[in-house]
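Since the structure comes first, as structure tokens, the remarks are kept for the end.
The values are calculated or read from the model by the stated rules, or taken from the named source; none is laboratory data. Just so you know, these numbers come straight off a predicted model, no measurement behind them. Here Cβ is always computed from backbone atoms with ideal geometry, including for glycine, and neighbour counts include all displayed protein chains.
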Amino acid sequence: MADDNYNREDDVVEEEEELDETGYKSVRDAVLFAIEVSDSMLQPRPSADPKKRSQESPATAALKCAYHLMQQRIISNPRDMIGVLLYGTKQSKFYDEDESSRGDLSYPNCYLFTDLDIPSAHEVLELRSLVEDEDEAKDILEPSEEPVSMANLLFCANQIFTSKAPNFVSRRLFIVTDNDNPHGNNKSLRSAATVRAKDLYDLGVIIELFPISQVDHEFDTSKFYDDIIYKASPMDPEAPAYLKPESKTTDAHDGISLLNGLLSSINSRSVPRRAQFSNMSLELGPNFKISVSGYILFKRQESARSCYVWLGGEKPQIAKGVTTQIAEDSARTIEKWEIKKAYKFGGDQVCFTPDEQKGLKDFGEPVIRIIGFKPLSALPFWANVKHPLFIYPSEEDYVGSTRVFSALYQKLLKDQKAALVWYIARKTAGPVLAVMMAGEEKVDENGVQKMPSGLWIIPLPFADDVRQNPEATLQVAPESLIDRMRTIVQQLQLPKGVYDPQKYPNPSLQWHYRILQALALDEDIPEKPDDKTLPKYRQIDKRAGDYVFEWSEELDKQYNQITANQAKMTTLAKRPAKGDAADKAAPPAKKIKAEAGSGNIQEEVQKHFAKGTLSKLTVASLRDYLASQGRATAGKKAELLERVEELLETKF
Amino acid sequence: MADKEATVYIVDVGKSMGQRRNGRDITDLEWAMKYIWDCITNTVATGRKMAMLGVIGLKTDGTDNELGDESHFSHISVLSEIKQFLMSDIRELGELIKPSNVDKGDAISALILAIQMIITHCKKLKWKRKIVLVTNGMGRMNSENLEDIVSKVKEDNIELIILGPDFDDAEYGTKEEDKDPRKAANEALLRTVSEQCDGVFGTLEQAVEEMATPRVKAVRPVASFKGFLQLGNPEEYDTAVRIPVERYPRTMVAKPPTASQFVLRSNTASGEEGQESATVVPESQPEDGSSLTNVRNLRTYQVNDESAPGGKIDIERDELAKGYEYGRTAVHISETDENITRLETTAALELVGFIQSERYERYMHLSNTHIIISSRANDKASLALSSFIHALFELESYAVARLVTKENKPPILVLLAPSIEPEYECLLEVQLPFAEDVRTYRFPPLDKVVTVSGKVVTQHRNLPNDDLLNAMDKYVDSMELKDTDEDGDLIDTPFPIEDSFSPVLHRVNAAIRSRAIHPSDPIPPPAKILTQFSQQPDQLLQNADRHLKNLMEVADVKKVPPKAKGRKRAREPEKPLSGLDVDALLHQEKRVRISPNNAIPEFKQTLAQAETIETTKDAVKQMRSIIEDQIRNSLGDANYDRVTEGLGVVREELISYEEPGHYNEFITELKEALLKEKLGGDRRELWWLVKRSKLGLIEQRESELSEVTEEEAKKFLSAQ
């Protein structure tokens, strides 16, 4: 267990940005699902849409969500834990105990289906079969006749967290239920539950409730749950006041929307909030500061790197790498304090003392200082170097921060202005000049927040970071050609004319884990990836096809005019090389080809292929052809030929 | 590849250069060297083998050059032939540059010598040739054969720069009063030469001043993708469009140089004297560099094996196969299947669809930016792309596209925006987030407060009232960064980019160069220009002063005194949403002893209810025995995380209840028990964990009531 902390340290070296301020705690998250099993939870809710014959019950929907989250976290948070605890079941299971064990059960009617841990492939499979396989499900998902004691459930969860996820910064219990009043008026059971809930709170476990309304009854949190759920998270004292939509009741009466509603509300809480920095000064003017915390809301998710696996044991095991640093001259192991930093310069090292070294990056205390304002339009599209940072007020250091922040936010939003800020993230980070802009809150169709309202810090490039544009030829298109292209563009708007990242999972990341899953579970390797980023070719053809022809005809017309003019103007001079590609671009108009100057290399290659004389082509034309097909162009001629052949064979 | 460069510096080291003039506190030579060293170290910093330079000393005591036999080439010495300059050369040159005892030596002859050196070195090959002459213009200059010099300089395309202290420069605005007539004549002569050579003639003051503006390294554009912008699938549909395009970076963060790791050589480190052992000595070693050796990383691999001592065994790298983690399952991938998890793709920039630019949130920009231009020298492609760019512009739209830069590279989604300038059209491109790249952290709205019962409130202490909104409005407007053109008219300018320089990059570079030339001098402070945007402009502040004062008054922001943070004694106990008094219920429960399986909550609750110091003391005692049991019963490191958590909680709680002494006593005794192996054997790893988790003594900085100083706390952790 303790080992996991080493990995953290590695991460810090690689990704200096992901610094935490948690001190002794390990920056990981553990989520335990507690899903109630009862007759009403198992009652399928038919879909209103007769075409979709789904028999989703609240319980299966919850299990599907847990399964979904488990898969998702393997990709996004490979070090985080997840578990599934069913309660209200006839059967009981807790570590070594089950019905057959002697003596009393510690936690009757609690069934620990997936132990709290980093999920293994086997557990993913088990959960999936519980979701999909009816028979097994029937056995386990059988409600008990006795009502379960909530105090018992909460203490069961307490024990699981205490033993399996000690010292985690974030531990969360997700309760999914449709029973808003499990103990009615039974005072002693109620107070036992509240005490156990307080224990969880003091342990640092956050209870998140996913209430489901019954068909004829709205879920009412005030009946019971308001007594066991606490306002601010204990680990995050500056967390803003309780967000009401967190417990937004999923009250869809048909199964599909129930599932979707639950999914979107669980998704929105899939990761615990981690601050990049807390209580930093936002300086609005000299001697006028408020405090803010910063969060990274957009960050490229990379797939995990490969690792070394040891196959010598019973089952494959990941080998842990340990790095020791040695001196090159004597190969002796060295300690951290011995290491000196020096810069290479003119074939030698230029040395600084550690203090000098640190001082080089020291431009003062961390701060976000507003230098002045400009219209948001003064931020060019291209002026960007990395992902933005989201900031939100905190009252910890300055009381009143939130209202000042809100006033600034409203002003910037109203007038479409942005601030220029001098931003030092950490004492050792070096200053950055950035633009601070306001972003409005966005909610999805279920009313769940998709994007919070707050201010964004967008680092500007320095003069050193700006590259000069290469020289280029410019032929400005005439109106007639632009008009035709405009029609095409108008035909192909994305829904609502917006980009919604949620609609585009990263195809290579998904494929990578899809294959790993198949390998781990010994399943068939899927044939085709589900790539949502591929353009919808058929639709493009249907909607814009005719307009493309018109544009293409006009392009040829305009281009011929240009070449004619050029020919006239340069009768004497030798045609520059640039004409070559363009000349080829006018194939005999057998079929209208919407190609803009890519030449007829395809036809030539196909001709040779048909005749079996591919090898007569030059390396250059083979490369051209491969490049035009988006293929790699490196290698010797034999390799190129092989690649071209392979390509043509699959095509025809 | 950058061009090959050959530069010859001619430095006047005459006796008169050793004087301080016109109220300056450094000699003319030192002043001149400021400029020369800057040029030289700039070249050295590139590390380029083909960026070469040579140095000629003018008015040296002796004569050392190949034409030296002739009388007017006397008192000129070649201090360094044209070559790649290294640290050793810098040191050598540093020794040689000092004022001589003569004022004889002809600058024009030195120029001829420099030309000669360049001709010999570069022959007729492609080089960037340059001569820099810095002289005070004293002494005799021979004005014969000037035409020959001019024609040679022009013929070989040599860039000529002539500078001097107090040279008159009307454009820059320097004019030396009571100028020595000979200097005036020489200045006129040099000016003529440089003008005829299309060179630069200027005053040293300007050159030194311009050094303050960091030099931005120009990077030759390299295409990051050459392929097609596609609409539709050309394999299946003849309605598909393909435009040949190229992609180049528009922004790319310039990183400061990184320091490498070194350690003292063993013989020095162990204190042994002399005796260079048989270790390989890298070529040139500086005075202090010679004692350093490189640090290498050595990686070893371990797997768990319960039967082995310590539960782990070492495995050789050769015995390991490649694989990935799927959850906690290791998935082995054989070498033949190596690419099995890689998504097969073909290179292309494919249009996915279009969006309205005003509905795009600028903060979704995820990366640096690129530009897309049509394939160069292809008029048809240029025409086609231009129609696309203009169509986007006219429709106020952006395009979303899928980009694969090379076969089998992962696809990325990018946003394409039109950019139309009078002589340049291109698409601007930036990466967009995928679903996995978005972290859905949620925050309450900022313009309203939603209460626990679901009521929407618009007046709240966390919401600005109209006065505050008004004051903010005025302040923001008064702090508008306005730019004016030469006529004083307001103009629209973007946020500063062109004249803002990376502070760390240039600071580090300047420090390295300064240290290279003057190893024993302290590092100079950062150049002013690097921090020009670190404060609000004075002018702006003056205008906004009144509005700022008003804003501060209305805002009524109060700093929280550091003591009030985290102090628990006086705090209200936390309550659930309903406000139910759980503590009352807990009282009824009468938990007397802290049970080991619910230790943390019960410890906290006991402290919260403690009425006497004795209760607190007793609770700590109980926790202590629970934690010690956990250590004693820990199989290897099995319980270490629980122990750290327990210690962390006790420490935090005792800080907030202002009883640091109890913890300090506890941790001191625990340390001893651990290191003396009194808690179930070797527990050094746990102690190491305690150290790393910063669970040592509570010091005064953390709690005023602690008697432990920062040094004591440090010492406590470092001592074994």
Requested in this report: Please determine, by comparing only the residues of region A:108-145 that are surrounded by 15 or more Cβ atoms within 10 Å (Cβ to Cβ) and hydroxyl-bearing (S, T, Y), which one is nearest to the other protein chains (Cβ to nearest Cβ).
Outcome: A:S120
Query - For B:T7: the one exception among (1) assigned to a strand (DSSP E or B); (2) closer than 18 Å to B:S514 by Cβ - result: (2)
Query raised in the report: Hey, any hits in region B:403-422 for a residue that's more than 7 Å from chain A (Cβ to nearest Cβ), of a type in the set (K, R) and out of contact with any strand residue (DSSP E or B) (no Cβ under 8 Å at 6 or more places or on another chain)?
Result: yes
Report summary line: Restricting region B:229-242 to residues that are part of a strand (DSSP E or B) and more than 7 Å from every other protein chain (Cβ to nearest Cβ), the one surrounded by the most Cβ atoms within 10 Å (Cβ to Cβ) turns out to be B:L229
Requested in this report: Can you work out which of the residues in region B:589-609 that are part of a helix (DSSP H, G or I) and among the small types (G, A, S) is modelled with the highest pLDDT?
Outcome: B:A599
Query raised in the report: Considering only strands (runs of 3 or more DSSP E) fully contained in region B:261-344, which possess at least 2 residues that are modelled with pLDDT under 85?
Result: B:292-304, B:312-315
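Do we find a residue being assigned to a loop (DSSP other than H, G, I, E, B) and either of a type in the set (S, T, N, Q) or not assigned by TED's automatic domain parsing to the domain that holds B:F603 (or both) anywhere in region B:686-693?
Yes, some residue in region B:686-693 is assigned to a loop (DSSP other than H, G, I, E, B) and either of a type in the set (S, T, N, Q) or not assigned by TED's automatic domain parsing to the domain that holds B:F603 (or both).
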Query raised in the report: Any idea which of (1) of a type in the set (A, V, I, L, M); (2) at the interface with chain B (Cβ under 7 Å from one of its Cβ atoms); (3) more than 17 Å from B:K380 (Cα to Cα); (4) not in a helix (DSSP H, G or I) is the one A:V489 doesn't satisfy?
Result: (4)
Requested in this report: Identify all residues within region A:494-509 that are under 25 Å from B:N408 (Cβ atoms), surrounded by 15 or more Cβ atoms within 10 Å (Cβ to Cβ) and free of Cβ contacts under 8 Å to residues at least 40 places away in the same chain; write none if there are none.
Outcome: A:P501, A:Y504, A:P505, A:P507
Requested in this report: Kindly list the number of the only condition in (1) surrounded by 22 or more Cβ atoms within 10 Å (Cβ to Cβ); (2) more than 9 Å from chain B (Cβ to nearest Cβ); (3) over 30 Å from the mean Cα position of the chain (by Cα) that fails for A:A197.
Outcome: (2)
Report summary line: Considering region A:137-172, residues that are hydroxyl-bearing (S, T, Y) and in contact (Cβ under 8 Å) with a residue 24 or more places away in the chain, and then whichever is farthest from A:N109 (Cα to Cα), we arrive at A:S170
Query raised in the report: Got a number for residues in region B:411-465 being surrounded by fewer than 17 Cβ atoms within 10 Å (Cβ to Cβ) and at pLDDT 90 or above?
Result: 4
Report summary line: Conditions (1) in contact (Cβ under 8 Å) with a residue 12 or more places away in the chain; (2) more than 7 Å from chain B (Cβ to nearest Cβ) -> A:K442 fails only (1)
**Report entry** Identity of the residue in region B:345-379, assigned to a strand (DSSP E or B) and touching a helix residue (DSSP H, G or I) at 6+ places or on another chain (Cβ under 6 Å), that ends up surrounded by the fewest Cβ atoms within 10 Å (Cβ to Cβ)
**Finding:** B:Q356
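Please specify each residue of region B:638-680 satisfying the condition of being touching a residue at least 24 places away in the same chain (Cβ under 8 Å) and touching a strand residue (DSSP E or B) at 6+ places or on another chain (Cβ under 8 Å).
Pass one, region B:638-680, residues touching a residue at least 24 places away in the same chain (Cβ under 8 Å): B:640, B:643-651, B:653-664, B:666-668, B:670-671, B:673-675, B:679-680.
Within region B:638-680, no residue meets the criteria.
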Query raised in the report: What single numbered condition from (1) of a type in the set (S, T, Y); (2) more than 19 Å from the chain's Cα centre (by Cα); (3) part of a helix (DSSP H, G or I) fails to hold for B:S514?
Result: (2)
Query - Residue match in region A:354-368 (condition: buried (at least 20 other Cβ atoms within 10 Å of the Cβ) and more than 7 Å from chain B (Cβ to nearest Cβ)) - result: yes
Query raised in the report: Among the residues of region A:512-519, is any outside the structural domain of A:A121 (by TED's automatic domain parsing), part of a loop (DSSP other than H, G, I, E, B), out of contact with any helix residue (DSSP H, G or I) (no Cβ under 6 Å at 6 or more places or on another chain) and surrounded by 18 or more Cβ atoms within 10 Å (Cβ to Cβ)?
Result: no
Query raised in the report: Does A:L460 fit the bill of being modelled with pLDDT under 90, within 7 Å of chain B (Cβ to nearest Cβ) and farther than 27 Å from B:F354 by Cβ?
Result: no
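To keep it simple, each residue is scored yes or no on (1) closer than 30 Å to A:N469 by Cα; (2) in contact with a Leu (Cβ under 8 Å, 6 or more places away or on another chain).
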position	(1), (2)
A:I368	no, yes
A:G372	yes, yes
A:W382	yes, yes
A:S394	no, no
A:D397	no, no
A:A419	yes, yes
A:W422	yes, yes
A:K427	no, no
Query raised in the report: Is it the case that A:L408 is closer than 30 Å to A:D355 by Cα, facing another protein chain (nearest Cβ under 8 Å) and crowded, with 20+ Cβ neighbours inside 10 Å?
Result: no
Report task. Could you check how many residues of region A:307-357 are among the charged types (D, E, K, R) and in a helix (DSSP H, G or I)? Result -> 4
Query raised in the report: Do the conditions hold for A:L86, that is, is it in a helix (DSSP H, G or I) and at pLDDT 90 or above?
Result: no
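Could you identify the single residue in B:D178, B:D168, B:D148, B:D156 that is more than 36 Å from the chain's Cα centre (by Cα) and at positive phi? So that I can check it myself, show each step before the final result.
Numbers: B:D168 fails: at positive phi; B:D148 fails: at positive phi; B:D156 fails: at positive phi.
Of B:D178, B:D168, B:D148, B:D156, the one residue that is more than 36 Å from the chain's Cα centre (by Cα) and at positive phi is B:D178.
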Report summary line: Expected output for region B:143-168 (first residue within 16 Å of B:A107 (Cα to Cα), partner in a helix (DSSP H, G or I) and among the acidic types (D, E), Cβ below 8 Å, 6+ apart or cross-chain) is B:G164/B:E187; B:P165/B:D28; B:P165/B:E205; B:F167/B:E187
Report summary line: Residue hits (region A:371-385; more than 7 Å from every other protein chain (Cβ to nearest Cβ) and not in a strand (DSSP E or B)) are A:L376, A:S377
Query raised in the report: Within region A:313-321, is there a residue that is in contact (Cβ under 8 Å) with a residue 60 or more places away in the chain and either on the phi < 0 side of the Ramachandran plot or among the acidic types (D, E) (or both)?
Result: yes
Query raised in the report: Out of all the residues in region B:523-563, which are farther than 26 Å from A:V421 by Cα and out of contact with any helix residue (DSSP H, G or I) (no Cβ under 8 Å at 6 or more places or on another chain)?
Result: B:P561, B:P562, B:K563
**Report entry** helices (runs of 4 or more DSSP H) completely within region A:113-179 that count 3 or more residues being among the hydrophobic types (A, V, I, L, M, F, W, C)
**Finding:** A:121-132, A:150-164
